[in-house]
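The values are calculated or read from the model by the stated rules, or taken from the named source; none is laboratory data. For clarity, every value in this text was computed on a predicted model and none was experimentally measured. Because the Cβ atoms are built from the backbone with ideal geometry, glycine has one as well, and the counts that use them run over all protein chains shown. These area figures cover heavy atoms from the full protein model, side chains too; ligands, DNA and RNA do not enter into them. Shrake-Rupley method; radii C 1.70, N 1.55, O 1.52, S 1.80 Å.
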Amino acid sequence: MSSVVLSGAAAVLRDASTVTYDRVVVDGGTIVAAPSGSGHESAGGAEIVDVSGCVVTPGLVNAHHHLLQSAFRSRPDTRSVPMRDWLARMSQRYSMIGVDPELTAAAASVALAESLLCGVTTVADHHLTWPRDQDPVTLAGATIGAARRVGARLVFVRGTARDDPDTAARSVSDIHDTHLPDARNGVTSDGMTQLAVGPSGVHADGPETFAALAEVAGSLGLRRRTQANEKIDVEIAAERYGRRPLDLLDEWGWLGEDVTVAHLCDVTDDEIALFARSGATATHAPGCDVPMGWGVARVAALTAAGVCVGLGTSGGGSNDAGHLLADARLAVQVSGLIGEPVTAATSLAMATGGSAAGLGRPELGHLRPGAAADLCVWECADVFDAGVADPVDGLLWAGPGRRPRDVMVGGRWVVRDGVLVTAESRTVAAELSSLLERREGR
Ligand SMILES: [Zn+2]
């Protein structure tokens, strides 16, 4: 792989605490140190990319998505309804359209292409829909194939929602052996595919499922992921067990350093203390929690207690976009509502290093030497950014809905001048649209 030098940036966000104005030098898929006068431009015929007027950031890491739901966006019967109705209507729709490898691949290709075009280079897909008549290994392979097609890093989370515990656990081993045969701790040697496990939450799965998935995760060295404190999760935990979700997760051995919990709406001070003591990490998903009416996770309080917090969009059924930067902006905005403000810098740190830490991926989410060369070039010289006090803060505060000019994954350009170069994005969109039309009988 050839080397690339980005020079002239208005700012380079190396990590949460370091903004520099240096060049960024990429060699063989890795960020390398760039001492001034090192002569990288002349050595080895490096590609020189002019990034003047731009901010360079690490590729964003979406810690919580449900890629399949991109085939079921903005449906009127799922907007502004209680979650019990939302779950029932989504599941009716899944049955009507038919969840199989063809739909799974088409939806994942759309969602992952969208992610790259929005600057998201790694996506954790919490896949929760496993029809009994479908082979889980083939279904997982459809999503893994879609990620390879468009050039995104994928963390495939073998989720469950009322699945048989032993079948689910066995399929984790089968998916691992079939699709990630060379993986160590669930990550392939090229770092492009990772496998994790993830019950939907205590509202959907019992202690047997949590135990079975913990056991297989332990034997394969996989990360564990789940969800807690969506409104229905709190209600069902109270009805069924007379407890709060985090108390149950703690009792079932599902709060620990290898566990990441998404949502965490309206957690109490005691729950924040319990969570922090456990070493578990969190994923904030305001682009889902706010429209669903679940409340706002107390990100500033969690961070102050020492919890590492990442950022996710959740899926198209609740958040109709996979635009993580927009949700990083939303995280800043809604934090004011609960009187626990989050800064732009904190929110960007969640969307990069915070998410990566929860995935156990220290090479992702920053641009220090040795990092994987996943990065975004954001054009900041137009009217949208004029007058901002700080170009990095301006990424969130100004220019809502912005998309990056260029995006690189592992040293390979996947987006240039705002266009996906690994696949024709309009073709990817048309494939899903025509599949849905065909199955709806239109
Ligand atoms: Zn979710």
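If we scan the stretch 129-145, do we find a residue that is among the polar types (S, T, N, Q) and touching a Pro at 6+ places or on another chain (Cβ under 6 Å)?
From the stretch 129-145, those among the polar types (S, T, N, Q) are 129, 134, 138, 143; that's our starting set.
Still in the list and also touching a Pro at 6+ places or on another chain (Cβ under 6 Å): 138.
Taking every residue of the stretch 129-145 in turn, at least one turns out to be among the polar types (S, T, N, Q) and touching a Pro at 6+ places or on another chain (Cβ under 6 Å).
What do you reckon, is residue 352 touching a strand residue (DSSP E or B) at 6+ places or on another chain (Cβ under 6 Å) and under 30 Å from residue 98 (Cβ atoms)? Working first, answer last.
Working: touching a strand residue (DSSP E or B) at 6+ places or on another chain (Cβ under 6 Å): yes; under 30 Å from residue 98 (Cβ atoms): no.
No; evaluated as a whole, the condition is false for this residue.
What's the total number of residues in the stretch 216-228 that are in a helix (DSSP H, G or I) and either touching a Ser or Thr at 6+ places or on another chain (Cβ under 9 Å) or open to solvent by 30 Å² or more (accessible area, probe 1.4 Å) (or both)? Even if it seems obvious, please write down each step before you answer.
At the first step, the residues of the stretch 216-228 found to be in a helix (DSSP H, G or I) are 216-220.
Imposing the further condition that a residue be either touching a Ser or Thr at 6+ places or on another chain (Cβ under 9 Å) or open to solvent by 30 Å² or more (accessible area, probe 1.4 Å) (or both) reduces the set to 216, 218-220.
Qualifying residue count, the stretch 216-228: 4.
Of all residues in the stretch 281-308, count the ones that are in a helix (DSSP H, G or I) and either under 18 Å from the mean Cα position of the chain (by Cα) or outside the structural domain of residue 344 (by TED's automatic domain parsing) (or both). Steps first, answer last, please.
Taking the stretch 281-308 first, the residues in a helix (DSSP H, G or I) are 286-292, 299-304.
Applying the additional criterion that residues be either under 18 Å from the mean Cα position of the chain (by Cα) or outside the structural domain of residue 344 (by TED's automatic domain parsing) (or both) yields 286-290, 299.
Count: 6.
Quick one: in the stretch 257-275, which of the residues that are on the phi > 0 side of the Ramachandran plot and in a loop (DSSP other than H, G, I, E, B) is nearest to the ligand (Cβ to nearest atom)? Let's see the steps before the verdict.
The initial filter retains those residues of the stretch 257-275 that are on the phi > 0 side of the Ramachandran plot, namely 263-264, 266.
Subset that is in a loop (DSSP other than H, G, I, E, B): 264, 266.
Details: 264: 11, 266: 16 Å.
Taking the candidates together, the pick is 264.
Do any residues in the stretch 191-215 that are open to solvent by less than 20 Å² (accessible area, probe 1.4 Å) have Cβ atoms under 7 Å from those of residues that are in a loop (DSSP other than H, G, I, E, B) and aromatic (Phe, Trp, Tyr), where the two are at least six apart or on different chains, and which pairs are they?
Within 7 Å, the pairs are 210/252; 210/254.
Can you tell me which of 353, 306, 336 is of a type in the set (Gly, Ala, Ser) and in contact with a His (Cβ under 8 Å, 6 or more places away or on another chain)?
353
Would you be able to say whether some residue in the stretch 321-335 is within 16 Å of the ligand (Cβ to nearest atom) and surrounded by fewer than 20 Cβ atoms within 10 Å (Cβ to Cβ)?
yes
Out of everything in the stretch 276-305 that is crowded, with 24+ Cβ neighbours inside 10 Å and among the hydroxyl-bearing types (Ser, Thr, Tyr), what residue ends up being farthest from the ligand (Cβ to nearest atom)?
Out of the qualifying residues, it is 281.
In the stretch 397-442, what residues are touching a residue at least 12 places away in the same chain (Cβ under 8 Å) and of a type in the set (D, E, K, R)?
Passing the criteria: 402, 403, 405, 406, 412, 417, 431, 439, 440.
Could you check the stretch 309-320 and list, in sequence order, the residues that are assigned to a loop (DSSP other than H, G, I, E, B) and either near the ligand (Cβ under 10 Å from one of its atoms) or surrounded by 24 or more Cβ atoms within 10 Å (Cβ to Cβ) (or both)? Show your work before the answer.
Initially, the stretch 309-320 is screened for residues assigned to a loop (DSSP other than H, G, I, E, B), giving 312-320.
Answer for the stretch 309-320, where residues must be assigned to a loop (DSSP other than H, G, I, E, B) and either near the ligand (Cβ under 10 Å from one of its atoms) or surrounded by 24 or more Cβ atoms within 10 Å (Cβ to Cβ) (or both): 312, 313, 314, 315, 316, 317, 318, 319.
Can you find a residue that is out of contact with any Lys or Arg (no Cβ under 6 Å at 6 or more places or on another chain) and either crowded, with 23+ Cβ neighbours inside 10 Å or assigned to a helix (DSSP H, G or I) (or both) anywhere in the stretch 384-392?
To start, the set of residues in the stretch 384-392 that are out of contact with any Lys or Arg (no Cβ under 6 Å at 6 or more places or on another chain) comprises 384-392.
Checking the rest, the ones that are also either crowded, with 23+ Cβ neighbours inside 10 Å or assigned to a helix (DSSP H, G or I) (or both) come to 391-392.
Yes, because at least one residue in the stretch 384-392 is out of contact with any Lys or Arg (no Cβ under 6 Å at 6 or more places or on another chain) and either crowded, with 23+ Cβ neighbours inside 10 Å or assigned to a helix (DSSP H, G or I) (or both).
Among the listed residues 123, 150, identify the single one that is open to solvent by less than 10 Å² (accessible area, probe 1.4 Å), within 16 Å of the ligand (Cβ to nearest atom) and either within 26 Å of residue 176 (Cβ to Cβ) or not β-branched (Val, Ile, Thr) (or both).
On the way: 150 fails: within 16 Å of the ligand (Cβ to nearest atom).
The match here is 123.
Considering the stretch 81-104 alone, what residues qualify as being farther than 27 Å from residue 234 by Cβ and open to solvent by 30 Å² or more (accessible area, probe 1.4 Å)? I'd like the intermediate steps shown before the answer.
Initial filter on the stretch 81-104 (farther than 27 Å from residue 234 by Cβ): 95-104.
Matches in the stretch 81-104: 95, 96, 100, 101, 102.
So that you can scan it fast, the table gives a plain yes or no per residue for (1) touching a residue at least 60 places away in the same chain (Cβ under 8 Å); (2) surrounded by fewer than 20 Cβ atoms within 10 Å (Cβ to Cβ):
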position	(1), (2)
307	no, no
337	no, yes
351	yes, no
358	yes, no
361	yes, no
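Check residue 231 against each of (1) at pLDDT 95 or above; (2) surrounded by fewer than 23 Cβ atoms within 10 Å (Cβ to Cβ); (3) among the basic types (Lys, Arg) and name the one condition it does not meet.
Single failed check for residue 231: (1).
Give the residue, chosen from 162, 158, 153, 132, that is free of Cβ contacts under 8 Å to residues at least 12 places away in the same chain and over 19 Å from residue 319 (Cβ atoms). I'd like the intermediate steps shown before the answer.
Working: 162 fails: free of Cβ contacts under 8 Å to residues at least 12 places away in the same chain; 158 fails: free of Cβ contacts under 8 Å to residues at least 12 places away in the same chain; 153 fails: free of Cβ contacts under 8 Å to residues at least 12 places away in the same chain.
When all the criteria are applied, what remains is 132.
Which pairs do you get when a residue that is part of a loop (DSSP other than H, G, I, E, B) and more than 16 Å from the ligand (Cβ to nearest atom), found in the stretch 43-66, comes within reach of a residue that is open to solvent by 10 Å² or more (accessible area, probe 1.4 Å) and of a type in the set (A, V, I, L, M, F, W, C), reach meaning Cβ atoms under 7 angstrom, with the pair 6+ apart or on two chains?
So the pair list comes out as 51/9; 53/10; 53/380; 53/381.
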